[in-house]
Structure formats: structure tokens, C-alpha cells
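Values in this text are rule-based calculations from the coordinates and carry no lab data. Computed from a predicted structure; not experimentally measured. Glycine gets a Cβ as well: all are built from the backbone with ideal geometry, and neighbour counts include every protein chain shown.
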Amino acid sequence: MATKGPPRKKVKKNNTITEDINNDIIKQEEILGTVIAQLKSINGEMIGSPLNLPANVTPEQLELLINQLLSNDEQLPYAFSVDDKEITNTLYKDIIQGLKKSTEDVLTIVYQPQAIFRVRAVTRCTSTLNGHNDAILSVSFSPDGTQLATGSGDTTVRIWDLNTETPHFTCKGHTGWVLYISWSPNGRLLASGSMDKTVRLWVPSTGKPLGDPLKGHTQWITCLAWEPQHLNSKCNRLASSSKDGTIRIWDTTLRKVVMTMSQHTAAVTCIKWGGDGLLYSSSRDKTIKVWDATQGKLVKTLEGHGHWVNTMALSTDFVLRTGAFDHTGKIPKDENEAQEWALARYKAAIGNKPERLVSGSDDFTMLFWEPSMSKKSIARLTGHQKLVNHVSFSPDGHLLASASFDNSVKLWDGFTGKFIASLKGHVCPVYQVCWSSDSRLLISASKDSTLKIWDLKTKKIKLDLPGHLDEVFSVDWSPNGEKVASGGKDRQLKIWRN
């Protein structure tokens with residue numbers, strides 16, 4: 001017996017369809033109802049009184065509302081979240097359904113400003129630059145993003161011309177691997193630390209050394225850190241750390257040691273010079289020491305790790321590194337103006353919160369600190385299955401990324417240390433991560449010979465950048481956002497653009 005097919009639907013005219021869609025939207029709003037919401041800034045300030053909002057309000061509509069409430073002259077971009085979950089579709093879908101909230105709850109919606117400018121993801125390698133005869137161990141753009149330097153196992157430092165993408169200067173003088181390079185915040189000097197136990201200073205405009213090497217350490221140099229520009233307009237004080245367990249502060253004008261700090265009992269692995277005048281050093285003795293950089297006195301010792309401390313990051317790293325320079329390309333007329341600009345950028349970066357520090361260790365964990373407030377850690381960040389090799393705060397300080405030998409990159413909240421997401425895609429240890437200057441993208445370099453760009457909105461790979469022939473040791477994103485440079489075991493420097 002034949003069965004009847006489904007009844008045929010009548011084809012409606014276009015205007016009838018439109019009416020139906022509009023009716024559906026009205027019905028949906030009626031069904032979803034409204035929620036009471038309190039808007040709060042990332043710094044904890046409440047804006048106005050609680051509001052009645054439609055449950056299906058979108059981030060774009062919230063953006064219009066917050067710009068109106070803050071009386072902004074021009075529309076600024078914002079991101080919105082409830083209980084650390086970002087609203088990307090609608091309040092109803094992401095929060096009420098996603099977090100199982102009730103429409104009767106008073107929801108606290110946290111808003112945070114986004115960078116007005118946008119960095120486009122680099123998509124292609126525009127140059128493969130040869131010249132180094134051994135692995136490239138360190139890659140670094142100058143604070144204004146106009147110059148690029150590399151340090152290599154072939155004992156040389158190279159400065160590259162970014163306009164023609166060709167070698168500019170080869171700086172010779174070291175007799176051991178160049179392990180670390182660092183630009184002064186005003187971009188006028190480049191420092192390099194080597195396995196030959198010396199620190200050298202170079203003039204990037206000429207490629208010439210500034211005097212003889214700075215000698216004093218008895219083992220190889222592990223890290224370098226310049227005094228922030230807002231604390232010292234001359235940018236002439238440099239700290240170096242060594243496998244010998246000491247930290248030395250040099251006056252680069254007088255070319256001599258100002259002070260030596262030697263209370264670590266094992267190799268110092270990393271140093272950071274904070275914006276409030278404190279110097280932080282991590283060591284294989286499992287501790288982090290906090291020093292007064294003006295007197296060289298030990299302020300406190302931060303304890304908590306169960307193994308070597310490999311790496312540290314400050315929430316203000318980006319503004320301390322770039323000093324007076326930002327994405328607009330404005331150039332200060334003198335040292336005093338540069339210091340004023342650097343101070344304004346630093347104050348904007350910290351807001352009303354203290355500087356935050358994160359340390360990564362061979363014990364597979366990270367510890368989250370507010371060293372100026374307490375010597376106890378705020379949180380222990382767990383989840384990595386192997387040692388943590390590198391940590392980095394986003395330029396706006398809202399996020400933290402960690403790279404590990406467990407082949408993953410993990411994202412954490414930059415204020416609480418709360419876990420956000422695991423970025424998986426690499427098939428070998430991840431050596432380094434670097435943020436775009438608008439904090440929307442992250443790039444990672446790995447032993448698997450690839451670079452990967454991650455979109456922070458979707459928490460997924462945006463682009464895979466193959467091209468290196470071997471392990472990629474170092475990567476840097478220019479502060480102006482235009483280029484990425486990477487180097488590694490294949491001795492090639494690659495420049496990537498969008």
C-alpha cells in the first residue's frame with residue numbers, strides 16, 4: 001500500500017517571510033525577557049546603577065551603551081564578560097545558557113577597553129635572510145619597531161635593515177655564543193650577553209661597539225634588563241644576570257659596575273626591572289629575589305616553587321620595553337619629553353593596581369605574585385604537564401600566555417591567574433610566545449619548526465606559518481604591529497608580514 005508523502009508547504013511571498021521573521025524576533029524577546037545588569041570596569045569601579053537590559057543584548061549594543069554612559073567623544077571598542085566568560089554572541093546565549101544563570105540574577109558585566117588600532121595577522125614570509133653561521137638564539141625589534149637585531153651561536157650580533165630587508169651591520173667582538181640581546185628603552189643602544197662571560201654594548205646606527213666589553217661575571221650571561229625610561233631619562237643603567245649566581249648593575253656611560261647583588265645560591269635564569277624601581281631575579285635555587293635597584297639591597301625573597309625557576313613576566317613588560325614609543329610613531333623632541341611620555345604610558349598600564357609578576361618553573365607550575373604588596377603568591381597556575389619555558393603578559397596586562405615543553409600554550413587571566421584555555425596545535429615543545437601590540441593575537445615558536453598565530457577571541461589557530469627548516473628558538477612581533485621576525489636552528493632569519 002502506497003504511503004502518502006509529507007504535506008507540501010505553501011510557498012510564501014517575500015514580504016510575508018519578512019513579517020514572520022520580525023514576528024519571531026518580537027516573540028523571542030518576549031520569551032527571553034529582560035535581566036538586571038550592573039556594569040563594572042576591569043578595575044572594579046561600578047558605572048551607574050543597575051540597568052534593565054534585554055536578555056538577548058549583543059556586545060555591539062553593550063558597546064554603544066557603555067560609550068554613552070562614559071560620555072566618550074568617539075566610539076571606543078570594548079569587550080564584555082560575566083564571571084570571566086566573554087560575551088561574544090548574546091548575553092542570553094553566552095551567560096544565561098552558557099553559565100546556567102537565571103534571568104532573575106543581578107549580573108555584573110565587566111567591561112574592558114580594547115586597543116583602538118588593530119594589528120593584522122602576518123600571513124606570509126617576505127624574506128629569508130641568511131648570514132649567521134650558527135643557530136639564531138635571540139631576535140628582538142627596537143622599541144620603535146624600526147630596527148631589528150639578532151644574536152647567534154656564531155658569536156656575532158647582527159642588525160638588519162627593515163626597509164630593504166638586508167643585513168645592515170655585523171657586530172663582532174664576542175668569543176662565545178650570544179645568548180641574549182636587549183635594546184635600551186630609547187633605542188640608542190643595544191646590549192648583548194654571551195657565553196664568553198661579558199656584556200657588550202653596540203651603537204645600532206653604526207654597528208660599532210661602545211668601548212670594551214663589560215667584564216666581571218665569572219660564568220656566562222643569562223639575561224639583561226634596562227632601567228625603565230620613566231625612571232631614568234638617560235637610559236644608561238643596565239642589569240645583567242649570570243650563571244655565576246650574581247646580578248650586576250652597570251652604568252653604561254661610565255662603563256663600570258655600580259653594584260653587585262649576590263645572594264642567590266645557584267645560577268640566575270631571568271631578571272626584570274620593574275617600573276616602580278624594583279629588580280626581580282629568578283634562579284635555579286627555586287627562589288625569586290626582589291631588590292631595591294637604587295641601593296642594591298634585598299627587599300624580599302619569594303618562595304614557593306619546587307624546582308628551578310626558568311622565566312618571569314611583568315604585567316608592564318610591553319610599556320617598559322617600548323618606553324615613550326607607541327603605535328602612532330610619534331617621536332619625542334628630547335629626553336625629558338620622552339620620560340614624560342614613558343611615565344604616562346606606564347601609569348595608564350598599571351591603572352590603580354600594583355605591578356604583577358608571574359614566574360614559570362621546572363616544577364610544571366607558575367606562581368602569580370604582587371611583589372610590592374606581599375611575599376606570598378596570589379595563585380598557583382597548574383595544568384602544564386612538563387616544564388614551563390616562557391611566560392608573557394599581553395600588552396594591556398589582561399591576559400597571560402605560557403609556553404611549555406608539553407607542546408601546548410595556555411592562556412590565563414592577567415589579574416587573577418585563573419585558567420582560560422589551552423591552545424593545542426604544536427607537536428613538539430613550545431619555546432617562546434609573543435603578543436601583537438593590540439593584545440588580540442599571539443604567536444608561538446616551537447621545536448616542530450613552525451610558528452602559529454592564535455586568535456584570542458576564538459582561542460584557536462588563526463594561521464599556521466611553516467617555512468623554517470628546523471627548531472624555531474626565538475620570535476618577536478614589532479611593537480608597531482607590522483612585522484614578525486623569527487630565528488632558530490636553521491640559521492635563517494625570517495621576516496613575516498600581512
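Quick rundown of the values:
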quantity: Length added when fully stretched, Asp470-Lys234, from 0.36 nm per residue minus Cα-Cα; calculated: 80.9 nm
quantity: Cleavage-rule hits, chymotrypsin sites (Phe, Trp or Tyr not before Pro), the range 85-128, DSSP coil, Cβ neighbours within 10 Å at most 14; calculated: Phe117
quantity: Net dipole in debye of the range 124-497 [+1 Lys, Arg Cβ; -1 Asp, Glu Cβ; about Cα centre; nearest 20]; calculated: 380
quantity: Karplus-derived 3J(HN,Hα), 6.51/-1.76/1.60, for each residue of the range 120-130, Hz, glycine and proline x; calculated: 7, 5, 5, 10, 8, 8, 8, 8, 10, 9, 9
quantity: Dipole-positive endmost among Thr206, His174, Val388 within the range 124-497 (Cβ charges, Cα centre); calculated: Val388
quantity: Amide H contacts under 5 Å for Ser138, placed H, 5+ residues apart; calculated: Gly151
quantity: By average C-beta atoms within 10 angstrom, highest first, the peptides 258-270, 375-387; calculated: 258-270, 375-387
quantity: Distance between modelled label sites at Glu165 and Gln97, nm, 7 Å Cα→Cβ extension; calculated: 4.5
quantity: Integer Hz, Karplus 6.51/-1.76/1.60 couplings in order for the range 232-246, x for Gly and Pro; calculated: 8, 5, 7, 6, 10, 10, 10, 9, 10, 10, 9, 5, 6, x, 10
quantity: Relative contact order [Cα under 8 Å, 6+ residues apart], the chain, whole percent; calculated: 11
quantity: Helix axis angle, 335-350 relative to the chain longest principal axis, alpha carbon, degrees; calculated: 40
quantity: Ranking of Met312, Met195, Met373 by count of other Cβ atoms within 10 Å, fewest first; calculated: Met373, Met195, Met312
quantity: Ranked Ser372, Ser241, Ser478, criterion: other C-beta atoms within 10 Å, fewest first; calculated: Ser372, Ser478, Ser241
quantity: Restricting the range 296-378 to GluC sites (Glu not before Pro) in coil, as DSSP defines it, with at most 16 other Cβ within 10 Å; calculated: Glu303
quantity: Tilt relative to the chain, helix 14-32 - C-alpha long axis, 0 to 90 degrees, to 10; calculated: 70
quantity: Mean residue ellipticity (222 nm) of the chain, computed from DSSP H runs ≥ 4 via -39,500 (n - 2.57), nearest 500; calculated: -3500 deg cm²/dmol
quantity: Shape call, the range 173-265: gyration tensor on alpha carbons, a/c limit 1.5; calculated: oblate
quantity: Answer label, with Rg/Rh (Cα atoms, Kirkwood Rh) calculated from the coordinates and candidates [x] 0.97; [y] 1.02; [z] 1.05; calculated: [z]
quantity: Inter-label distance for Ile36 and Leu64, nm, one decimal - labels placed 7 Å from Cα along Cα-to-Cβ; calculated: 2.5
quantity: Label-point gap, in nm, between Leu298 and Gln263 - each point 7 angstrom along Cα→Cβ; calculated: 0.4
quantity: Segment Ser71-Met373, extension gain: residue separation times 0.36 nm, minus the distance between their alpha carbons; calculated: 105.3 nm
quantity: Under-5 Å amide H pairs with Ser446, H placed in peptide plane, nonlocal only; calculated: Tyr431, Val472
quantity: Per DSSP, loop trypsin sites (Lys or Arg not before Pro) in the range 150-250 with at most 14 further Cβ within 10 Å; calculated: Lys172, Lys215
quantity: Residue exposure sequence - Asp212, Asp251, Asp334 - by fewest surrounding Cβ within 10 Å; calculated: Asp334, Asp212, Asp251
quantity: Under 5 Å, built H, 5+ apart or other chain: amide partners of Leu129; calculated: Leu493, Lys494, Ile495
quantity: Integer Hz, Karplus 6.51/-1.76/1.60 couplings in order for the range 262-269, x for Gly and Pro; calculated: 9, 9, 6, 9, 8, 4, 8, 9
quantity: Positive dipole terminus of the range 46-139, leading residue within Leu129, Thr58, Gly48 (C-beta point charges); calculated: Leu129
quantity: 0 to 90° range, to nearest 10: angle between helix 59-69 axis and the chain longest Cα axis; calculated: 80
quantity: Pairs beyond 23 Å (Cα-Cα), from Lys330/Lys457; Lys376/Lys418; Lys375/Lys418; Lys418/Lys447; Lys85/Lys418; calculated: Lys330/Lys457; Lys418/Lys447
